[in-house]
């Protein structure tokens with residue numbers, strides 16, 4: 001009894017999965033017409049009822065068949081830059097012994113559905129096709145799953161067979177190669193050795209002759225005894241640098257979408273350069289809601305690798321609930337000790353007062369650079385109360401300004 005109930009339940013679920021709302025309407029019309037016809041003896045209603053039953057029966061014949069034995073959906077390149085060409089690949093095969101008839105193939109791509117006609121596949125046959133994926137905008141585009149669809153021309157029955165998993169295409173923001181970020185280093189005994197020489201540190205470099213003013217604590221007495229001249233130790237200066245890139249997500253900071261996209265690209269370029277240079281970098285975006293607990297006003301993106309950072313930036317958008325820029329800077333300062341260089345990336349709607357307030361939340365001694373993005377605008381550089389402010393209209397402007405500031409330094 002239990003087994004019979006299970007079979008009935010599975011059969012009912014299968015029927016519900018293939019009959020469309022129009023199909024259920026036709027079935028209900030057939031039942032009603034037959035009931036009225038046989039109850040009142042109206043031949044016309046009986047004929048209409050059986051005609052609808054026949055129509056449902058013929059429509060169900062369209063559901064027979066599979067169309068293929070295997071269908072594989074692949075992304076040759078899972079990551080592309082916005083505007084680059086991206087394609088997905090479909091491979092259908094029939095390794096079986098019998099021929100499969102043609103069938104309609106559908107692949108959801110973002111908010112649209114790509115349709116292909118899968119031709120009949122003979123024994124050992126295969127079908128290989130590629131289709132374009134739109135990459136006009138930064139984001140994550142879900143592709144798939146691939147499914148075959150069998151449906152009658154009227155739309156009473158529709159049977160879908162899912163063949164693959166859904167895959168994601170990451171559309172990264174555009175970045176530009178910029179020079180090594182040589183600013184923002186602080187002397188630290190726990191840092192990395194550099195080529196700059198100093199009289200006191202822990203990374204030994206060489207010995208040299210004593211000159212008046214040298215610290216006598218660093219005289220190497222054994223070498224001095226051998227040479228008959230005072231010799232002192234010389235060291236390589238060790239430095240550390242923790243770079244912070246802060247991307248403003250408040251909608252009021254940007255005049256339009258283009259400004260925000262340029263800001264994302266500028267921030268991504270800085271973060272990618274720092275990761276390539278193996279510098280300690282923290283990439284921070286505005287948090288949501290009130291600033292209460294420690295670090296609640298900010299959100300940190302992964303910087304383990306360039307791809308991980310750019311993957312995270314695919315889904316970063318402006319947020320109406322974003323914390324104000326000065327509060328984000330304060331929260332970042334509390335959560336990220338040891339920052340030596342900070343980039344504040346925002347739009348042209350940010351006034352000088354807000355930028356000064358944000359930089360004042362940073363610890364003393366931290367070099368701060370604000371970057372205001374205005375697509376197509378004139379490149380500019382100015383200083384506001386000790387804060388360097390770059391205005392860029394193109395990504396290339398950011399590279400040129402950083403190179404100019406490095407040469408001046």
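The criterion of at least 1 residues that are touching a helix residue (DSSP H, G or I) at 6+ places or on another chain (Cβ under 6 Å), farther than 30 Å from residue 175 by Cβ and modelled with pLDDT of 85 or more is met by none of the strands (runs of 3 or more DSSP E) falling completely within the range 43-98. Take residue 390 and decide whether it is crowded, with 20+ Cβ neighbours inside 10 Å, in contact (Cβ under 8 Å) with a residue 60 or more places away in the chain, outside any helix (DSSP H, G or I) and touching a strand residue (DSSP E or B) at 6+ places or on another chain (Cβ under 7 Å). Judged against the criteria, residue 390 is not a match. If we scan the range 180-203, do we find a residue that is modelled with pLDDT of 70 or more and either in a helix (DSSP H, G or I) or in contact with a helix residue (DSSP H, G or I) (Cβ under 9 Å, 6 or more places away or on another chain) (or both)? Within the range 180-203, one or more residues are modelled with pLDDT of 70 or more and either in a helix (DSSP H, G or I) or in contact with a helix residue (DSSP H, G or I) (Cβ under 9 Å, 6 or more places away or on another chain) (or both). One residue stands out among those in the range 30-42 that are touching a helix residue (DSSP H, G or I) at 6+ places or on another chain (Cβ under 7 Å) and surrounded by fewer than 16 Cβ atoms within 10 Å (Cβ to Cβ): the one that is farthest from residue 148 (Cα to Cα), which is 42. Scanning the range 160-182 for residues that are crowded, with 20+ Cβ neighbours inside 10 Å and touching a strand residue (DSSP E or B) at 6+ places or on another chain (Cβ under 6 Å), we see that the one that is farthest from residue 110 (Cα to Cα) is 163. Once the range 225-270 is narrowed to residues that are part of a loop (DSSP other than H, G, I, E, B) and modelled with pLDDT of 85 or more, the residue that is surrounded by the fewest Cβ atoms within 10 Å (Cβ to Cβ) is 256. When we screen 281, 315, 285 for residues that are part of a strand (DSSP E or B), farther than 25 Å from residue 377 by Cα and either in contact with a strand residue (DSSP E or B) (Cβ under 9 Å, 6 or more places away or on another chain) or at pLDDT 90 or above (or both), the only hit is 281. Screening residue 339 on (1) crowded, with 21+ Cβ neighbours inside 10 Å; (2) outside any loop (DSSP other than H, G, I, E, B); (3) within 27 Å of the chain's Cα centre (by Cα) shows it passes everything except condition (2). How many residues does the range 298-314 hold that are crowded, with 18+ Cβ neighbours inside 10 Å and over 11 Å from the mean Cα position of the chain (by Cα)? Total satisfying the criteria: 3. Among the residues of the range 375-387, those that are in contact with a helix residue (DSSP H, G or I) (Cβ under 6 Å, 6 or more places away or on another chain) and part of a loop (DSSP other than H, G, I, E, B) comprise 375, 379, 385.
Just to be sure before I move on: is residue 308 part of a loop (DSSP other than H, G, I, E, B) and under 24 Å from residue 395 (Cα atoms) in the structure I sent? Talk me through it step by step, then tell me what you get.
Values: part of a loop (DSSP other than H, G, I, E, B): no; under 24 Å from residue 395 (Cα atoms): yes.
The answer is no for residue 308.
The strands (runs of 3 or more DSSP E) falling completely within the range 118-168 that include 1 or more residues that are at pLDDT below 90 and farther than 27 Å from residue 24 by Cβ map to 126-132.
The values are calculated or read from the model by the stated rules, or taken from the named source; none is laboratory data. This structure is a prediction, so every number in the text was calculated from the model and none was measured. Cβ atoms come from the backbone with ideal geometry, glycine included; neighbour counts cover every protein chain shown.
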